[in-house]
Structure formats: C-alpha cells, structure tokens
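Read-outs: derived from the displayed coordinates by stated rules, not from any lab. Since the model is a prediction, treat every value here as computed from it, not as a measurement. Here the Cβ positions follow ideal geometry from the backbone for every residue, glycine too, while neighbour counts run over all protein chains shown.
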Amino acid sequence: MEVDAAALKSKGFFQQVQKDKFSLRICSSGGMADTAFMKKAIEIADRYGGGQLHFTTRQQLEIPHIAAENVEAVQKLLSDEGINTFTGGPRVRTVVACVGAAVCKFGQIETYGLAKEIHTKHFGRELPAKLKIALTGCKNNCAKVEANDIGVRGVNHGYQMYFGGCFGHETRIGKPLLPVLAEKETVLKVIDSAVTFFAGNAAKGERLGKLLDRVGIDQFKKALEAAAQV
Ligand code: SF4
C-alpha cells in the first residue's frame, strides 16, 4: 500500500522500522489523562495496534503497530472522540508537568491547570524551531525544567522561570532571568512574551538558547520584565 509517510507524521502517525506499520502519538497536556481517554487509547491499541501502549519521555501516549490500511479508521475514531495527536517539527510542543500541588505533598504550585492553559493557548503554534515547555512543582524538579526552552519551577508557592535550555544532541541549562513570580497570570503573560520574541527573532532551526547567544540576553530580558512588570 502506497503511503505518504511525511504527511502522516504531521498527523501523529510515525512510520516504524517496519515500513507498513505506524506508531500513533496521542497528545496530552501536563501528562494528565482521564480514564475515558485511556479506555479509548486501549480500544485503538487492541483493535488496530499490537495491544500495547508506550509512554514517551515527554508524557505522550504512543500506540505502535498500526497497519497502514487502518490509519484512516483510527483517524476517524480520534476525530469522533475529539482526541488530538502529537505535533512535531518547528512548533510549540506538548507541555510536560509533574503532578504538582494537586497531588504531591512537596508541591509548591499547581501544575495541571497551568499546563492546560499553556497548551490551549500555544500548542502547535508554528515557529522557526521547536519550543519545549515544562513545569515542575518544587525544588525536587521531577520534570527537569531547565532542560527545556521554557521551564517553570514552584518555589515557596511562587514561580521561578528558566529560559533557553534544551536536552538532546546538544544540552543547555536554562537560565532564571526573572525574580520568583507570585501569580500564575504573570507566568502566562511572560510565556506569551517569550514565545512572541522567539517567533519574531529566531532563525530557522535555531532554538531559544542559541538565539539568545546570537542576539544577547538584554532585549529578551527586557521583554520578559515588561510582561512581568518587574
Ligand atoms: S517536582 Fe516536587 S511537586 Fe513535582 S512530583 Fe516532584 S516532588 Fe512532587
């Protein structure tokens, strides 16, 4: 069967080493999934996949071994259920989060709601390069936020933000460019400002940390401070 692997990848179906099989990545925000969502994922894995689910390192749910001829049926099922698939490439990626203060006794901030708000506003936005965001509830840093382009860590019930990190073939540690912020709404404004700066200034394929190396940190920091009003 002839397949357009690139087109399918943009819709969340990744061609496997077995060329006639695809692994579907389903999107979640903040690593939270309700049981209805999981039941639907299990149904897809049983009916069309190999009866397995894989949890990716960025909290996406992957369903491997979907035959090419079943991709269309799976797409219809996802669409009927309003389930989003993962997006890759030069875009805002899914937001990673630990369980935060809603569940964990160490949590200093609530992470799920914030992850959802960031996801709703920014997920899939086209950019010059990928942009990864992660949230973690306390200093234990289970979500390793400094390894992301934008990271948020709970500190004394406030929000410490980090910028310019990444982890992959290159590793960088994000820098804290603002004081600890008291309000979630301020964090959202700062993220808006950072994403807008990145969209307007980065070259193709240039991650935020590299952009800041090239243009210097001052202009970016000023934009963040204006958004945070600090
Ligand atoms: S980072 Fe802190 S709040 Fe989040 S899961 Fe780990 S210990 Fe709990």
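For Asp4 and Val215, a Förster radius of 35 Å and the Cβ-Cβ distance give a FRET efficiency of 0.40, rounded to the nearest 0.05. With helices as the sole contributors, the chain gives -10500 deg cm²/dmol at 222 nm; each DSSP H run of n ≥ 4 counts as -39500 (n - 2.57), and the sum is divided by every residue. Give me the distance between the Cα centres of segment 105-158 and segment 40-82, rounded to whole Å. Rounded to whole Å, the Cα centres lie 26 Å apart. Considering the zone a paramagnetic label at Asp80 would reach in this model (a point 7 Å from Cα along the Cα-to-Cβ line), which residues of segment 38-57 have amide N under 20 Å from it? The answer is 38-51.
If you build a Gaussian network model of the chain, linking Cα atoms that sit under 10 Å apart, which residue out of His54, His65, His169 swings the most? It is His169.
When both bridge partners sit in segment 96-228, DSSP labels roughly 60% of those beta bridges antiparallel. Translational diffusion of the chain, estimated by Stokes-Einstein from the Kirkwood radius over alpha carbon pairs at 4 °C in a medium of 1.567 mPa s, is 70 µm² per second.
Of all lysines in the structure, those lying under 21 Å Cα to Cα from Lys139, and not within fewer than 8 positions of it along the same chain, are Lys105, Lys175, Lys184. Test of understanding: extend the Cα→C-beta vector of Glu183 to 7 Å, then name every residue of segment 198-230 with backbone N under 18 Å from that spot. Those under the cut-off are 224-230. Note on His169 and Lys121: the model spin-label points, each 7 Å out from Cα along the C-beta direction, lie 3.3 nm apart. Just how many % of Cα pairs in segment 5-81 lie over 19 Å apart, if you round to the nearest whole percent? Beyond 19 Å sits 28 percent of the P(r) for segment 5-81. The value of relative contact order for segment 5-81, using C-alpha pairs under 8 Å at least six residues apart, is 29 percent. The DSSP beta bridges internal to the chain are antiparallel in roughly 75% of cases.
A full extension of the chain between Ala203 and Met38 corresponds to an added length of 55.5 nm, given 0.36 nm per residue minus the alpha carbon distance. With contacts taken as Cα pairs under 8 Å and at least 6 residues apart, the chain reaches a relative contact order of 14 percent.
For Leu127, neighbours were defined as the other residues whose beta-carbon sits under 13 Å from its Cβ, and their charges (Lys and Arg +1, Asp and Glu -1) total +4.
Whole-Hz Karplus values for segment 89-103 come out as x, x, 8, 6, 8, 5, 7, 9, 8, 7, 5, x, 5, 5, 10 Hz, taken residue by residue from phi with 6.51 cos²θ - 1.76 cosθ + 1.60 and θ = phi - 60°; glycine and proline positions read x. Spin-label model, Asn141 to Cys104: label points 7 Å out along the Cα-to-beta-carbon direction sit 1.3 nm apart.
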